[in-house]
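Q: Could you have a look at this structure, given as C-alpha cells, before my questions?
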Amino acid sequence: MTHNFDNALEVALTTTDSDKPQNRRSNSFWKPDPFLHPTMLNIYHPNGYIPSEGLKGSDSIVLTEANFADHLANTNNVEANFLLGHLSSKTWLLIGHSLADGTLKNALRSHAARRPGHVSYFVHFAKDGEASLSEEQREAIREANFTTYNLYTFFLNSEEIGALLRLIKMEARDLKDEITARGLEPRFVYYICGAVSSGKSTILSHLRSIATVEEWPNRMPSAMNKLSVNTTPGERTEIDEGLDGAIWKKNEEINETDVGLVAVDRAPLDFIAFPGEDNETPETTARSRYRKVLNRFVRDEFRNLCPGQVIVIQADPKMLVRRQIQRGRPPSENDPTSEKARATLERQQDIMLNIYASAIATGSTARGDCCSIAECVQDVVRIIYFGEYRPFDFNGRLTHFITEDPDE
C-alpha cells in the first residue's frame, strides 16, 4: 500500500538488478477491491494512480486539501472497512506514508485493538538512514507507532528501501541463502511455556503475523485432561508416547519455515513439570522419562532440535484452577476447587520456573493473568520484536536434571 501516485513501487518490486522485468506481475488498484489476485503483487493506491509508460491509471487523484476532504467524506467507511478486513488477514509493509491519513490511522488503530498480537511493518523514510535521527527520537517514534498502531518501524534511506524491496521479492529459500551467507540468523523461534491454564495457548492464538506451531499436531491423549499426579501408569505411558511423536512433529513444522518468526506452544523440557506421583522430584521425572519423551533428540545429542528462546507465562495458582473449571476440565473429580488441585498446579508452575530460570532471569517472561488479554499478548510481542534473541540450552539443562542429586 502506498499513497504515492506513481508506479515506482511497482517498478521496484518487479525489476531485477539487471533492469529486466521479472515474470511476477503486479496488480495496481485504487478503489477497495474484494477480489485481489493471489499470484500477483497487489499494490493499493488509495489517493489515485498515475503510472508511467502509458499504463492505465485511476479516473481521479487526490491532490489538494479539498480533494482529500471530499475523498474522506465519500469513501471513508468503505475504504476503512476494506483496509480493516485486509489488515486482519495479512501482514503489511506500509511504505510512502507519513501516518497523517485519517482513514489509514483509524483502520490501523481499530485493527490494533482487535488483533493485539498482529504486527505489521512501517518504513519511516530518513534521508541519511537511522543517522538522521537521534536514538531518543527513533525510540520515541518506534514506541508510539508500536503502542498505537501495532507497527514495527524501520528507519531507512532510499538505498536501504531498495535493498528491502529486493529481499521481499525473493523466494524463501533464496532469501535464506542470502541471509546465512552473511552469517546472520534467518529464523527466530520462540517456545511459549507455562503451567496448564496459564494463558500460553490463548496468547499464541493472537500472534497473527508469526508462524505458529500448536501444542499437539495430532490427537492429544485423553489422559492429558487429568492432573498428572492422578494418572495411571498405563496413561502415563500413553502420554509419553504421544509426547515423543508430538515434539518431533513440531520440530519438523518449525523447519518448514525457512525465514521469519516462529512461535511454538510448549518446549521440549516441559514434561519435567508433570510428575506422576505427589512426592516425585523434578530430577526423578527427568531421569525416568527423558528417553521416552525425547528419544530421537537424545540419540543425536539435541543437534537436530530447532534452537529457540523460551518465554515463560506465569499466572496466579488460583487463576489456574479457575480457568480449568471454566474449560470444563475440573482438576479433581470430587472437588474441583480442592486444595490438592491448587497445590498441584502451583507446584507445576514452580517447577516450570526452575527449569527455565535462566530465561526468566533475562526478562523472557510475561504474565498470563493481566487485566486484559491484549496486555498479556503485548508483553509477549514486545519480547519477540524488541528483546535480544537468546536461544535456550535445552541439552545442558536436561543434563543438569538427569545428573543432579536432589538430596545434595
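The values are calculated or read from the model by the stated rules, or taken from the named source; none is laboratory data. Model, not experiment: these values are computed from the prediction. Because the Cβ atoms are built from the backbone with ideal geometry, glycine has one as well, and the counts that use them run over all protein chains shown. For the accessible areas, the whole protein counts, side chains as well, though only heavy atoms, and no ligand, DNA or RNA atoms are used. Shrake-Rupley method; radii C 1.70, N 1.55, O 1.52, S 1.80 Å.
Q: For the condition modelled with pLDDT of 95 or more and either at positive phi or in contact with a strand residue (DSSP E or B) (Cβ under 9 Å, 6 or more places away or on another chain) (or both), what is the one hit in Ile161, Ile192? Before the answer, list the steps.
A: Values: Ile161 fails: modelled with pLDDT of 95 or more.
Checking each option against the conditions leaves just Ile192.
Q: Here's something else I'd like to know. Is it true that Arg208 is part of a loop (DSSP other than H, G, I, E, B), open to solvent by 60 Å² or more (accessible area, probe 1.4 Å), more than 15 Å from Gln324 (Cβ to Cβ) and touching a residue at least 24 places away in the same chain (Cβ under 8 Å)? Let's see the steps before the verdict.
A: On the way: part of a loop (DSSP other than H, G, I, E, B): yes; open to solvent by 60 Å² or more (accessible area, probe 1.4 Å): yes; more than 15 Å from Gln324 (Cβ to Cβ): yes; touching a residue at least 24 places away in the same chain (Cβ under 8 Å): yes.
Here the answer is yes, as Arg208 does meet what is asked.
Q: Can you name the condition, by its number, that Arg219 falls short on among (1) under 27 Å from Tyr389 (Cα atoms); (2) not in a helix (DSSP H, G or I)?
A: Among (1) under 27 Å from Tyr389 (Cα atoms); (2) not in a helix (DSSP H, G or I), the lone unmet condition for Arg219 is (1).
Q: Among the candidates Ile272, Ile247, Ile203, single out the residue that is assigned to a helix (DSSP H, G or I) and out of contact with any helix residue (DSSP H, G or I) (no Cβ under 6 Å at 6 or more places or on another chain). Let's see the steps before the verdict.
A: Values: Ile272 fails: out of contact with any helix residue (DSSP H, G or I) (no Cβ under 6 Å at 6 or more places or on another chain); Ile203 fails: out of contact with any helix residue (DSSP H, G or I) (no Cβ under 6 Å at 6 or more places or on another chain).
Just a single option satisfies the conditions, and that option is Ile247.
Q: Would it be correct to say that Leu83 is modelled with pLDDT under 80, hydrophobic (A, V, I, L, M, F, W, C), under 21 Å from Leu36 (Cα atoms) and open to solvent by 50 Å² or more (accessible area, probe 1.4 Å)? Spell out the reasoning first.
A: Details: modelled with pLDDT under 80: yes; hydrophobic (A, V, I, L, M, F, W, C): yes; under 21 Å from Leu36 (Cα atoms): yes; open to solvent by 50 Å² or more (accessible area, probe 1.4 Å): no.
Spelling it out, it is not the case that Leu83 is modelled with pLDDT under 80, hydrophobic (A, V, I, L, M, F, W, C), under 21 Å from Leu36 (Cα atoms) and open to solvent by 50 Å² or more (accessible area, probe 1.4 Å).
Q: Related question: Assess whether Glu185 counts as being closer than 24 Å to Asn395 by Cβ, in a helix (DSSP H, G or I), within 20 Å of the chain's Cα centre (by Cα) and modelled with pLDDT of 90 or more. Talk me through it step by step, then tell me what you get.
A: On the way: closer than 24 Å to Asn395 by Cβ: yes; in a helix (DSSP H, G or I): no; within 20 Å of the chain's Cα centre (by Cα): yes; modelled with pLDDT of 90 or more: yes.
For Glu185, the condition - closer than 24 Å to Asn395 by Cβ, in a helix (DSSP H, G or I), within 20 Å of the chain's Cα centre (by Cα) and modelled with pLDDT of 90 or more - is not met.
Q: Another question about this same structure. Among the residues of the range 323-353, count how many are loosely packed, with under 15 Cβ neighbours inside 10 Å, modelled with pLDDT of 75 or more and of a type in the set (D, E, K, R).
A: Residues meeting the conditions: 1.
Q: Of (1) at pLDDT 90 or above; (2) of a type outside the set (Phe, Trp, Tyr); (3) closer than 22 Å to Val298 by Cβ; (4) open to solvent by 70 Å² or more (accessible area, probe 1.4 Å), Asn218 satisfies all except one. Which?
A: (1)
Q: Also, quick follow-up: Take the range 299-322 and flag every residue that is open to solvent by less than 30 Å² (accessible area, probe 1.4 Å) and either modelled with pLDDT under 90 or within 19 Å of Ala223 (Cα to Cα) (or both).
A: Step one: list which residues in the range 299-322 are open to solvent by less than 30 Å² (accessible area, probe 1.4 Å), which gives 302, 305-306, 308-313, 315, 317, 320-321.
Passing the criteria: Phe302, Ala315, Pro317, Leu320, Val321.
Q: Just the residues that are more than 30 Å from Gly183 (Cβ to Cβ), buried (at least 21 other Cβ atoms within 10 Å of the Cβ) and not β-branched (Val, Ile, Thr), please, taken from the range 266-281.
A: Narrowing the range 266-281 to residues more than 30 Å from Gly183 (Cβ to Cβ): 266, 270-281.
Adding the requirement that they be buried (at least 21 other Cβ atoms within 10 Å of the Cβ) leaves 266, 270-275.
Listed by number, the residues that qualify are Arg266, Asp270, Phe271, Ala273, Phe274, Pro275.
Q: If you don't mind, there's one more thing I want to ask. Checking Val196 against (1) within 20 Å of the chain's Cα centre (by Cα); (2) of a type in the set (Val, Ile, Thr); (3) crowded, with 17+ Cβ neighbours inside 10 Å: exactly one of these is not met. Which one?
A: (1)
Q: Looking only at the range 103-114, which residues are in contact with a helix residue (DSSP H, G or I) (Cβ under 6 Å, 6 or more places away or on another chain) and either crowded, with 21+ Cβ neighbours inside 10 Å or farther than 12 Å from Thr148 by Cα (or both)?
A: Selection gives Thr103, Ala107, Leu108, His111, Ala112.
Q: Still on this structure, please answer the following. Quick check on my filter: what residues within the range 283-298 are open to solvent by less than 50 Å² (accessible area, probe 1.4 Å) and over 30 Å from the mean Cα position of the chain (by Cα)?
A: Start the filter on the range 283-298 by keeping residues that are open to solvent by less than 50 Å² (accessible area, probe 1.4 Å), which leaves 283, 285-286, 289-290, 293-294, 297-298.
If the condition is that a residue be open to solvent by less than 50 Å² (accessible area, probe 1.4 Å) and over 30 Å from the mean Cα position of the chain (by Cα), then Glu283, Thr285, Arg289 are the ones that fit.
Yes/no matrix, rows are residues, columns are (1) part of a loop (DSSP other than H, G, I, E, B); (2) aliphatic (A, V, I, L, M); (3) modelled with pLDDT under 75; (4) over 22 Å from Arg208 (Cα atoms):
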{"site": "Thr2", "(1), (2), (3), (4)": "yes, no, no, yes"}
{"site": "Leu55", "(1), (2), (3), (4)": "yes, yes, yes, yes"}
{"site": "Asp70", "(1), (2), (3), (4)": "no, no, yes, yes"}
{"site": "His97", "(1), (2), (3), (4)": "yes, no, no, yes"}
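Q: If I ask for residues that are open to solvent by less than 60 Å² (accessible area, probe 1.4 Å) and part of a loop (DSSP other than H, G, I, E, B), which ones from the range 222-244 would you list?
A: If the condition is that a residue be open to solvent by less than 60 Å² (accessible area, probe 1.4 Å) and part of a loop (DSSP other than H, G, I, E, B), then Leu227, Thr231 are the ones that fit.
Q: OK, next. Considering only the range 127-153, how many residues are under 18 Å from the mean Cα position of the chain (by Cα) and either outside any helix (DSSP H, G or I) or among the aromatic types (Phe, Trp, Tyr) (or both)?
A: Counting residues in the range 127-153 that are under 18 Å from the mean Cα position of the chain (by Cα) and either outside any helix (DSSP H, G or I) or among the aromatic types (Phe, Trp, Tyr) (or both) gives 6.
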